[in-house]
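Since the structure comes first, as structure tokens, the remarks are kept for the end.
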2 protein chains.
Amino acid sequence: MLGNLVRPDIQALLQNKDWKTLREAFAELDPPDVAEILEEFPVQDSVVLFRLLPRDRAAEIFEYLPLEQQTRLVQSLADEQLVNLLNEMAPDDRTRLLEELPPEVTRRALASLSPDELKVARQLLGYPEESAGRYMTPEYISIRPDMTAAEALDYIRQHGKGRETLNVVYVTDEKGKLLDDLKLSTLVLANPDTKVKDLNDGQLVSIPATADREEVVATFEKYDQVALPVTDSRGVLLGIITVDDVLDVAEAEATEDIQKLGGMEALQASYLGSSFFGLMRKRAGWLTVLLLGEMLTTTAMSYFEGELERALVLSLFIPLIISSGGNSGSQAASLIIRSLAVRELGLADWLRVLRREFASGLVLGCILGSIAFLRVVLWPWRQELYGPHYMLVALTVFLGLVGVVLFGTLCGAMLPFLLRRLNFDPATASAPFVATLVDVSGLVIYFTVASLVLRGTLL
Amino acid sequence: MLGNLVRPDIQALLQNKDWKTLREAFAELDPPDVAEILEEFPVQDSVVLFRLLPRDRAAEIFEYLPLEQQTRLVQSLADEQLVNLLNEMAPDDRTRLLEELPPEVTRRALASLSPDELKVARQLLGYPEESAGRYMTPEYISIRPDMTAAEALDYIRQHGKGRETLNVVYVTDEKGKLLDDLKLSTLVLANPDTKVKDLNDGQLVSIPATADREEVVATFEKYDQVALPVTDSRGVLLGIITVDDVLDVAEAEATEDIQKLGGMEALQASYLGSSFFGLMRKRAGWLTVLLLGEMLTTTAMSYFEGELERALVLSLFIPLIISSGGNSGSQAASLIIRSLAVRELGLADWLRVLRREFASGLVLGCILGSIAFLRVVLWPWRQELYGPHYMLVALTVFLGLVGVVLFGTLCGAMLPFLLRRLNFDPATASAPFVATLVDVSGLVIYFTVASLVLRGTLL
């Protein structure tokens, strides 16, 4: 929003090479706002703008840029700038950037890190992608259980500068084992002479470094904390995850799921931030797969061409039947995929869901089937349109819908479980994917019902 | 997860009326964990379990329950319990509960509040639904600009007990106008003699009370804060919103959007927490609407029955054509709906999106059309299946796909904008909704193309 307002001004200043005014304008703005403005400009311009920023602010602003733009900027920056930038960045944000960069740029980036930062970076990159380890920062404050509250606050005053968050401090033993976490406010409110080990503000909750990022989001949602500690299998504190990163992860997960549900590969960047060609690649792939799937409907249809020739009336209801199956399948799939994503359902619940969706599919099928039945038998021109056997046609449509809706609902509900079981993302069972699957089988169900009901009359 | 493990034990203790052991078991658990266990039990049991909780913990545990269960519990609690509970609850959580309750229960609930709490509750309920005002809590600490850091910390020590969050404190003038916000850690790290007005940890960002909740989420994501102040139009501090509520809102928004995208009404409760009947109502409604829409395909088909009779081969491609239109529409709709939801696109961007999606639809249509064209002309039994004019049939399928995919993409991309413009939720343009719309128009496009291409040969 802000970007749109000041963009023309900045464009003009850029053209006039009025670096002084530009520098002053940026100095007055908050880092997230500067980032928003930089986002609006092509890379070559934003490299120029980026050079105008004072060294200490550059890294902070950089952290607010979307990953895609960070990547492009890094590739255009001079070596010296890169060194400053990467060493100043928060380790968790840097990890995310390093895993995105093309291999040769990652090498150049790692080479520009100081030995200390390099050690941290290598360690964080050692955790599996999308695991808790990748999102943590080692910039926390740890205190000892036998300090008093006053001593702890003094310690924090001396060592706390520049840490990402001080809202929560961590109590560890001399081996680094996590004993407790304390809100900074608990320390401030406490009697200064109370020992840290006697302070208590709720049970300790920690996240294993190997936990999946969906699990991280679920834990934050459950415990309403602003930061949670990450530990290894022996309970040693490795780092902390802060809630601002979790909010970003939650939004990114939801965006990915929605894009996958819509039948495309998840985008790395935003819609407007993606190139036309990149967007086409992500979209055309799945559409082509779905088209190849849909070609089976052509094969199925040609198999039933004899039936169609004898009873052309059957063709009238084909779109109705297959779409209803697709719709009920999309519905069930979206419902189950989201419940799996927010950890409300687990793999173990599949049988419970199967039973419930069997009943749901049957009820929904009967409702839709009855409406369609009535539509056929009560239509004023039923004789002309559907012939003398319109009652049998109506019955075929009713039974066809019950079968297709039931099948669609079950497919939509069970596919996400199957995909999770096979370690794929359940959201791959997109609405279009389920619809395509149900289209082919829907035709088979419909024509099978028809041949049973209409045998001896139309067929 | 935890609930599943201890459920049988608790069931047994409940049956034996072993209140003592139950009370002890609950005393050892964290409030979110107790809430998770309570969720697993039917209302009558959870009312009993709830009575076992000590008064001070009951409200805290209650706040972690899902809204639906809170509502049912409130209706089953005795008056005295209700009084304790509602007066102990955090104002922001209470607001959300009060707006969910049936009117007669809301009256009973409001009557049980103390005069002070009643005033707060009425005020918060005065803001529009899903606005920032509904999510704020008045339990913040405000300090004056001329205090020193040490004085401010003393003040916080004296007045801070029981506030929802102390991670950020707010600097106001004597009229309550918000001047700045300071992290508690900034105060702790500061030289004790520094005046509050001379401390600065970043620019002040505030949210207007009338801001929509999507905007609240976007602001938190942009500024990475743990709490943000809410102000009225004159800049007076009304309350604060904490990030844990924002994370819940973000997840709830995404869940709603995904359910709507899947073609159903958004659920109030979780999948397993919803009754079968409730679930059916939310699902059958949209499916019925979609079925009624699909009936137009039957009408369209009967309109083209003459063409079908002369060239039955056309029927073979009907599912392929209409589904491809539906798929490309779902894809575009999901992409645009999510971009609108995360505020990456605004209403003003519609023309930019229209242009881009026009090009996308054309490219995607040509890709899919070419594949289908090749499928027809290279098929080994093309003569037997598609007749002597198979080249013309292939051309019809190609042009039909280009038209339908282009139309589907444009519908999917523009409908969300239209819905937002009309103040509906863009997510109502669900995948099934777009697919149904495109099915009907897809048939018309396909048969129109066919009658142009095949005139004089098959038609």
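Values quoted throughout were computed directly from the atomic coordinates according to the rules given, and no laboratory measurement underlies them. Small disclaimer: the values here were computed from a predicted structure and weren't measured. Positions of Cβ are generated from backbone atoms using ideal geometry, with glycine treated the same way; all protein chains shown enter the neighbour counts.
Given a Förster distance of 30 Å, report the FRET efficiency between B:E40 and B:A111 from their Cβ-Cβ distance, rounded to the nearest 0.05.
For R0 = 30 Å, the calculated efficiency reads 0.45.
For label points placed 7 Å from Cα toward Cβ, what is the shortest-first list of nm distances from A:K119 to its copies?
Copy-to-copy label distances for A:K119: 5.8 nm.
Give me the angle, in degrees from 0 to 90, between the Cα long axis of helix A:276-303 and the longest principal axis of the Cα atoms of chain A, rounded to the nearest 10.
20
Can you spot the lysines whose alpha carbon is less than 29 Å from A:K175's alpha carbon? Ignore those fewer than 8 places along the same chain.
A:K119, A:K161, A:K183, A:K195, A:K197
Average projected area of the Cα convex hull of the protein assembly as shown, in nm²?
In nm², the orientation-averaged hull projection of the protein assembly as shown is 42.6.
Could you tell me which of rounded, prolate or oblate describes chain B, using a ≥ b ≥ c as the square roots of the eigenvalues of the alpha-carbon gyration tensor, with rounded for a/c under 1.5 and, failing that, prolate when a/b is larger than b/c and oblate otherwise?
It is prolate, given that a/c is not under 1.5 and a/b is the larger ratio.
At a Förster radius of 35 Å, what calculated FRET efficiency corresponds to the Cβ-Cβ distance of A:T194 and B:N84, to the nearest 0.05?
After rounding, the FRET efficiency stands at 0.75.
How far, in degrees from 0 to 90, does helix B:350-378 lean away from the longest principal axis of the Cα atoms of chain B, to the nearest 10?
Between the helix axis and the principal axis of chain B, the angle is about 40 degrees.
Apply the a/c threshold of 1.5 to the C-alpha gyration tensor of the stretch A:49-123 and tell me whether it is rounded, prolate or oblate.
Because its axes are fairly even, with a/c under 1.5, the stretch A:49-123 counts as rounded.
Kindly state, to the nearest 0.05, the FRET efficiency for A:S233 paired with A:L378, given R0 = 56 Å and r defined as their beta-carbon distance.
The computed FRET efficiency comes out at 0.25.
Cα centroids of the stretch A:308-377 and the stretch A:123-139: how far apart, whole angstrom?
Cα centroid to Cα centroid, the span is 42 Å.
For peptide A:28-40, compute the average count of partner chain beta-carbon atoms within 10 Å of each residue's beta-carbon.
Rounded to a whole number, the mean comes out at 2.
Under 18 Å between alpha carbons, and skipping anything fewer than 8 positions from A:K260 in its own chain: which lysines qualify?
The reachable lysines, counting only those whose Cα sits under 18 Å from A:K260, are A:K282, B:K260.
Let me check against my output: what whole-number percent is the relative contact order of chain A, with C-alpha pairs under 8 Å and at least 6 apart?
This gives 11 percent for chain A.
So what is the calculated 222 nm ellipticity per residue for chain B, using -39500 (n - 2.57) for each DSSP H run with n of 4 or more, over all residues, to the nearest 500 deg cm²/dmol?
Theoretical 222 nm ellipticity from helices: -21000 deg cm²/dmol.
Once you mark the trypsin sites (Lys or Arg not before Pro) that are in a DSSP loop and have at most 12 other Cβ atoms within 10 Å, what is the longest gap between them in chain B?
That would be B:235-454.
If Lys and Arg each add +1 and Asp and Glu each add -1, what is the summed charge of the other residues whose beta carbon sits under 13 Å from the beta carbon of B:F433?
So the environment of B:F433 carries a net charge of -3.
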